[in-house]
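Have a look at the structure below before the remarks.
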Amino acid sequence: MKKVLIALAVVAAAPAALADVWVNPGFYSYHLQRDHGFNNVNTGLGFEASLTDTYSVTGGFFHNSDRETSRYVGLYVMPFKLGAVKAGAAIGAFDGYPKMRDGGWFPAIVPTVAFEGPRLGLNVSLIPTIGDKLHGAVTFQIKYKLTP
């Protein structure tokens with residue numbers, strides 16, 4: 001927990017070297033297994049701070065599909081760009097899923113497409129199904145740019 005708070009503080013501090021700093025209220029999940037009663041509205045708080053046009057650090061927490069609190073830290077690697085659209089993956093670590101390492105931290109690579117306007121953006125990600133441990137979904141995360 002201490003490491004997550006430190007990571008969030010670093011991202012929220014937004015040193016001048018960071019081009020863009022975004023904040024998000026969590027995300028909406030469209031689960032691939034529609035009949036399992038998963039939580040689709042994954043509220044929380046997250047930050048994303050650009051290091052370059054390709055790399056951004058991210059961290060936050062959310063109420064996950066199993067109705068538990070999850071935390072995450074990671075790096076967006078978005079090497080493909082066309083106008084306001086970027087594509088790549090989020091590479092990082094998550095916790096809070098009871099059947100995945102007993103709720104402990106686990107690594108993840110999440111394919112992501114980002115649509116970024118002057119102030120508003122949208123990250124769309126594909127979460128894979130991993131047996132009965134992690135539930136597949138397409139997620140939609142609205143974000144607001146804090147920096148000009």
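The values are calculated or read from the model by the stated rules, or taken from the named source; none is laboratory data. Here the structure is a predicted model, which means the values were calculated and not measured. Glycine gets a Cβ as well: all are built from the backbone with ideal geometry, and neighbour counts include every protein chain shown.
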From the options 58, 52, 43, residue that is over 13 Å from the mean Cα position of the chain (by Cα), under 30 Å from residue 148 (Cβ atoms) and among the β-branched types (Val, Ile, Thr):
52
Selection over segment 9-51 where residues are closer than 18 Å to residue 114 by Cβ and modelled with pLDDT under 95 yields a count of 4
Would you check if residue 69 is surrounded by fewer than 14 Cβ atoms within 10 Å (Cβ to Cβ) and of a type in the set (Ser, Thr, Tyr)?
yes
Which of (1) among the hydrophobic types (A, V, I, L, M, F, W, C); (2) more than 22 Å from residue 41 (Cβ to Cβ); (3) surrounded by fewer than 15 Cβ atoms within 10 Å (Cβ to Cβ) does residue 140 not meet, given it meets every other one?
(2)
Among (1) of a type in the set (A, V, I, L, M); (2) surrounded by 19 or more Cβ atoms within 10 Å (Cβ to Cβ); (3) within 14 Å of residue 92 (Cβ to Cβ), which single condition is residue 109 missing?
(2)
Any hit, segment 88-103, residues being more than 16 Å from residue 27 (Cβ to Cβ) and in contact (Cβ under 8 Å) with a residue 40 or more places away in the chain
no
Identify the single condition in (1) more than 29 Å from residue 131 (Cβ to Cβ); (2) buried (at least 20 other Cβ atoms within 10 Å of the Cβ); (3) among the aliphatic types (A, V, I, L, M) that residue 78 does not satisfy, given that it satisfies every other one.
(1)
Any hit, segment 50-68, residues being farther than 14 Å from residue 135 by Cβ and touching a residue at least 60 places away in the same chain (Cβ under 8 Å)
no
All but one of (1) modelled with pLDDT under 95; (2) in contact with a Gly (Cβ under 8 Å, 6 or more places away or on another chain) hold for residue 91; which doesn't?
(1)
